[in-house]
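**Student:** Dropping the structure in here first, questions after.
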Amino acid sequence: MNFVLRSLLKSNFPLFYCCLLSVLLLSVLPLFAESPQKELHSRQVLIIQSGYEGYLWTESLNRGIQDVFSSAPEATNFFFEYIDTKRNHGGTYFADLRNFWEIKYRNQQIDLIITCDTPAYELLLKNRSSLFKDIPLVFTGVNRFNPTSLKGKKLITGIVEENDFKATVDIALQLHPKIKKLVFIIPGAQSYRLQWVKDLPARYREEVEQVIITGKELGEIDREFDALGPNIIAILLSSVVPIDGIYIPYQQLVPHLAKNRPFPFYTLWDSTLGQGIVGGKLISGEWQGREAAKLALKILQGTPVSELPVIERGSNRYMFDWQQLQRFNIDLSDLPAEAVVINRPISFYAQNKRLVQMTLTCIFILVILVISLATALIRLKKVESKVLLSDEILEQMPEAIVLIGMDGNIEKWLGRAEDIFGYSESECLGRPFAFDQSFEVRTAITGQIEKAIEKKGSFVGETSCLRKDGSLVPIEVTSTRAFSRSGIAMGTISILQDITERRQAKESLRASESRFRKMVAKSPMPTMINGQNQEIVFVNDKLTELFGYRLEDIDTEKKWWESAYPDANYRKRVKNTWDLAIKRAIVDDRDIEVQEWDLTTRDGSVHRCEFYMVPIEELSLVIVNDISPRVREASEKSRLELQLQQAQKMEAIGTLAGGIAHDFNNILAVILGYAELAKDEAPANSVIEKDLDQVIVGGNRAKELVKQILAFSRQEKVERLPMKVQVLLKETMRMLRPSLPSTIEIQTEIDPLCGFILADPTQVHQIIMNICTNANHAMDKSGGRLNIELKRISIDEENEHSSLRSGDYVVLVVADTGEGIAPNNIGKIFEPYFTTKEIGKGTGMGLATIHGIIREYGGRIDVVSVLGHGSAFSVYFPVITAVETIENTVLEETPQGRGRILLVDDEELLLTVGKKVLERLGYRVTTKSSSLEALAIFKERPNAFDAIITDQTMPDMVGSDLAQEILKIRADIPIILCTGYSDQFDTDMAHSLGIREFALKPLTKATLANLLSGVLNA
């Protein structure tokens, strides 16, 4: 305005018009005057908002603060910070925010800080000592304030936010007396807001039904509302809810919930009034902002903070929306007298009477003014070309503003130019840009700028210039051509910004990134870094070492997924689980759960791994921990525990076998005894004699089998003898044939000249029976053919059986046409306790046992199987060089005898058969079933007997004790001690007690005859 007046006076404007213009200007000055002239030194006030710019509550607080400061005579510069806790949270975010403020306000003088709402207040309290120490703090909008929290803290006061929840509930029930259901909406179930409802007096729960909606998702809240029906009052108590994983602001939530709903909505804050809310006793953000600003002004004007107590009771008002009152037929007379009603229809003139009057006056004055200024404007256009920028505005710029004329010399030196370069305006005007640098450097800088402007119309870049003190300062240059209004080029205008702090921050960040990259690269844990565009930006050496993948192999997530998880179904399951874990972490604000999956390495091997994912801004750090050894150890531990359990079972079975061996051998003794007696009575070479021979052979085989079981249970070495497998195989097949179903055909091919092997016949019999029994089980459903072949082969060093020593082997091949063995089970069939048979048909010990026997013999067992077509087992026995001294079995001699025998056994059957056998051998026999009776009769007639045969295991007195008692009476009496089983008594122990012979049941007729002949003729 002063500039206009100066122009008019210079143009010799008529005095009359000058006077008229002055009067007009003075008359309208109150309407257009700006705020009073501020002091040259303005105060610096930092306002920290918990919300974000544009959020209604945040803007209402700002509006109240700025209204109060605008009326103050002193100038105030505001710095606004919006920490946006509605959409951002977490320790990393607040740490980054703190570091940003430290850089931003390091060299900035702040006179006072105003925090708005609880998050901003708590964040500042936490970092106040390090960022804004000893700067007065005024807070507003703080909930759940505790005065004791300020104990020990200085220079703090403010406004406490207290809601009138009960008053809002009361007015809602008063305005809708027919509705008896209150619905409180608290998305996310914030505990302190749930407490508001719980703290309501009991009469509310008695008068109306209360429903609380705590769903987190908007769709969930909508569904709950729709299910409640129309006769409810809804009171919204929370600020935000997520929609599709994104938080929506309160001012968007309210219209969404209230729109087209047939029931009234109430709330506690005035920021949403006019968006579908009926009203209530509301908290005013603008009022809180005003009160906080008033406290701040008092502090800035010198009032000690200690004299300004915290205002703990707010001025909440009843406020309502006219449109909603009409919608729900609420009469204004039902409202409290002090209630404020917005959107009430009022005539424009009645509402703006003074404005209309002043506007009309101004229009009249402006018409005169326009006429008066018309002439002045013609002259002003000539002056416009000389005015490019207002120096007063440019001086307030935070950057240096430099205007270089078309001649290349500096014409304007404004803003922070002097602060940045150290030169005053008078030292620079009329001199070329970068005048303190060499001609070559100066030409290079200006040439680069001019070239860019000529080509693109502007220049943006970085360079370094000298300060007056000789130090270099990095600057960012933004230049463009300056033109007059008539389009004439006037020079180049440049904005120069000191970027020292930016470069330092960039260097610090680069150094930090370098350290981080080195740390990850050398980490002992396999690590990769994923980018935000589904690319893998880094893998460390350990990951390549353990899994084989280099960055070029898996530079995209697609390559990684397909390489690490080649199976499509498994890959899909892994991806879905990861997605779910990430979503849960976001929703629950917690770390991503550790994942455990099978990872396929570059060479195709599979490792069990744990995966840890740590989000770092736009990147994700993934640490892979190979736990295969741990899994194998756990599996091995479980396997060993199972083996231990099975071993304990086998030990128990061994103990049981020893326990029943005595009784079983007694039974065998009866069978063999009567068979031999019957054979003596049968006609020579008759069918009966041959059948009885088979009974005796079977009984002896059973006797040897019992011995084998007992040897196995005691883990004793069995006696190996030279033998022919072909003889035993023929005998075994004769016994096996009747036990197989008729649906199984047996074909044999036995080489009679296979030679001798060194083995235990019972163990070889066990091997043949076990393999043949397995073949039977494989064919028991559909039948088939069992092929048995016995042959002799020679193996040299180049043979495929590299585990066998070179030499001759007897090979037993047992092949079936049954179900076959699954490929994944082939390698397990010789493991102890492994079985695929149903319970009751196998223990898993058969093949493991014979595998151990064959390995002890120096042989091996192979298996070939095709699923659905059958299996073939090949057993290799090393051939030995032996002189065949006995090819056929030599029958034992059965010497006849004479004498008196005392036979003692607690089994009546054994006494009966034993007496008959001995009598046929020529002896006179006295039998006793009790050891005590036997001792008594011997005491009476010690010379009535020539020898004594006694069982070991008997009630009242065992055989060894009976023998000792008898030997005390008559030391020369021959005693033969027999037992079906004893793991604590043997031949040496018997001899040490004076017993002549020790024998294991069952005893054949020949064995018994030879024992008696030996002791009586000694």
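**Student:** Dividing the Cα convex hull volume of the stretch 43-160 by residue count, how many Å³ per residue is that?
**Tutor:** 113 Å³
**Student:** If the cut-off is a Cα-Cα distance under 26 Å, which lysines reach Lys791, setting aside same-chain residues fewer than 8 apart in sequence?
**Tutor:** Within the straight-line limit of under 26 Å, Lys791 reaches these lysines: Lys724, Lys730.
**Student:** What list do you get for Lys104, Lys1001 if you sort them by fewest beta carbons within 10 Å?
**Tutor:** Numbers: Lys104 13, Lys1001 25.
Arranged by neighbour count, lowest to highest, Lys104, Lys1001 become Lys104, Lys1001.
**Student:** Report the extension gain between Ile346 and Gln694 in nm, rounded to one decimal, defined as 0.36 nm multiplied by the number of residues separating them, less their alpha carbon distance.
**Tutor:** Using 0.36 nm per residue and subtracting the Cα-Cα distance, I get 112.7 nm.
**Student:** Here is a follow-up. Can you count the Lys pairs in the stretch 899-1016 with C-alpha separation below 17 Å, eight or more apart or on different chains?
**Tutor:** 8
**Student:** In addition: Any aspartates and glutamates with Cα under 14 Å of the Lys178 Cα? List them, leaving off those in the same chain fewer than 8 positions away.
**Tutor:** Asp170, Glu207, Glu209
**Student:** Which distance in nm do the two modelled labels at Thr443 and Glu557 give, with both placed 7 Å along the Cα-to-Cβ direction?
**Tutor:** That separation, rounded to one decimal, is 5.5 nm.
**Student:** Which loop GluC sites (Glu not before Pro) in the stretch 177-276, with loop taken from DSSP, have no more than 16 other Cβ atoms within 10 angstrom of their Cβ?
**Tutor:** Listed in order of number, the matching sites are Glu217.
**Student:** OK, next. Computed from these coordinates, which is percent of Cα pairs over 55 Å apart: (i) 26; (ii) 55; (iii) 31?
**Tutor:** (ii)
**Student:** I need the semi-axes of the equivalent ellipsoid of the stretch 717-880: take the C-alpha gyration tensor, multiply each eigenvalue by 5, square-root it, list largest first in whole angstrom.
**Tutor:** Taking √(5λ) for each eigenvalue gives 24, 18, 16 Å, largest first.
**Student:** If the cut-off is a Cα-Cα distance under 19 Å, which aspartates and glutamates reach Lys558, setting aside same-chain residues fewer than 8 apart in sequence?
**Tutor:** Glu535, Asp567, Asp579, Asp598, Asp603, Glu618
**Student:** Would you mind computing Rg(Cα) / (2.2 N^0.38 Å) for the stretch 248-335, counting N as its residues?
**Tutor:** Normalised Rg, Cα atoms only: 1.46.
**Student:** Calculate, for Thr748 and Glu535, the FRET efficiency according to 1/(1 + (r/R0)^6) with r their C-beta to C-beta distance and R0 45 Å; round to the nearest 0.05.
**Tutor:** Computed FRET efficiency for Thr748 and Glu535: 0.05.
**Student:** Given C-alpha coordinates of the stretch 899-1016, what is the ratio Rg to Rh with the Kirkwood estimate of Rh?
**Tutor:** Result for the stretch 899-1016 is an Rg/Rh of 0.91.
**Student:** Also, quick follow-up: Across the stretch 116-206, how large is the tail of the calculated P(r) beyond 17 Å, expressed as a percent of all Cα pairs?
**Tutor:** Above the 17 Å cut-off, the stretch 116-206 has 62 percent of its Cα pairs.
**Student:** ³J(HN,Hα) across the stretch 330-342 via Karplus (A = 6.51, B = -1.76, C = 1.60, θ = phi - 60°), whole Hz, x for Gly/Pro?
**Tutor:** Once θ is set to phi - 60°, the couplings for the stretch 330-342 become 9, 7, 4, 5, 7, 7, x, 4, 8, 5, 9, 10, 9 Hz.
**Student:** Please work out the FRET efficiency for the pair Asn146 and Arg261, using the Cβ-Cβ distance as r and a Förster radius of 35 Å; give the result to the nearest 0.05.
**Tutor:** Calculated value: 0.40.
**Student:** Working out 0.36 nm times the residue gap between Asn685 and Glu220, then minus their Cα-Cα distance, what length gain in nm do you get to one decimal?
**Tutor:** On the way: separation 465, 0.36 × 465 = 167.40 nm, distance 9.79 nm.
Length difference between fully extended and current span is 157.6 nm.
**Student:** If you bin the C-alpha pair distances of the stretch 505-626 every 5 Å from 0, what whole percents do you get?
**Tutor:** For the stretch 505-626, the binned pair fractions read 2, 10, 19, 26, 21, 13, 7, 3, 1, 0 percent.
**Student:** Which value does Rg/Rh take for the stretch 661-700 over its C-alpha atoms, Rh per Kirkwood?
**Tutor:** So for the stretch 661-700, dividing Rg by the Kirkwood Rh gives 1.05.
**Student:** Nearest 5 is fine: what % of DSSP beta bridges in the chain come out antiparallel, could you say?
**Tutor:** 60 percent
**Student:** Then there's this: For the stretch 158-265, compute Rh as the Kirkwood radius over C-alpha pairs and then the Stokes-Einstein diffusion coefficient at 10 °C and 1.306 mPa s; write the answer in µm²/s, rounded to an integer.
**Tutor:** In µm²/s, the coefficient rounds to 108.
**Student:** Using helices alone, I'd like the mean residue ellipticity at 222 nm for the chain: each DSSP H run of four-plus residues gives -39500 (n - 2.57), total over residue count, nearest 500.
**Tutor:** Numbers: 33 runs with 441 residues, N = 1018.
Theoretical 222 nm ellipticity from helices: -14000 deg cm²/dmol.
**Student:** Jot down the radius of gyration and Dmax of the stretch 391-498, Cα atoms only, both in angstrom.
**Tutor:** Values for the stretch 391-498 (Cα only, Rg and Dmax): 13.1, 41 Å.
**Student:** What do you get for GluC sites (Glu not before Pro) in the stretch 487-565 restricted to DSSP loop and a cutoff of at most 15 other Cβ within 10 Å of the site's Cβ?
**Tutor:** Values: sites: Glu501, Glu507, Glu513, Glu535, Glu545, Glu552, Glu557, Glu562; in loops: Glu552.
Counting only loop positions with at most 15 other Cβ atoms within 10 Å, the GluC sites (Glu not before Pro) in the stretch 487-565 are Glu552.
**Student:** Trypsin sites (Lys or Arg not before Pro) within the stretch 571-606: which are DSSP loop residues with at most 14 other Cβ atoms inside 10 Å?
**Tutor:** Sparse-neighbourhood loop trypsin sites (Lys or Arg not before Pro): Arg590, Arg602.
**Student:** Between the stretch 96-140 and the stretch 150-192, what's the alpha-carbon centroid distance in Å?
**Tutor:** When both Cα centres are located, 28 Å separates them.
Values in this text are rule-based calculations from the coordinates and carry no lab data. Everything quoted here is computed from the prediction, not taken from an experiment. Reconstructed Cβ throughout: ideal geometry from the backbone, glycine too, with neighbour counts over all protein chains shown.
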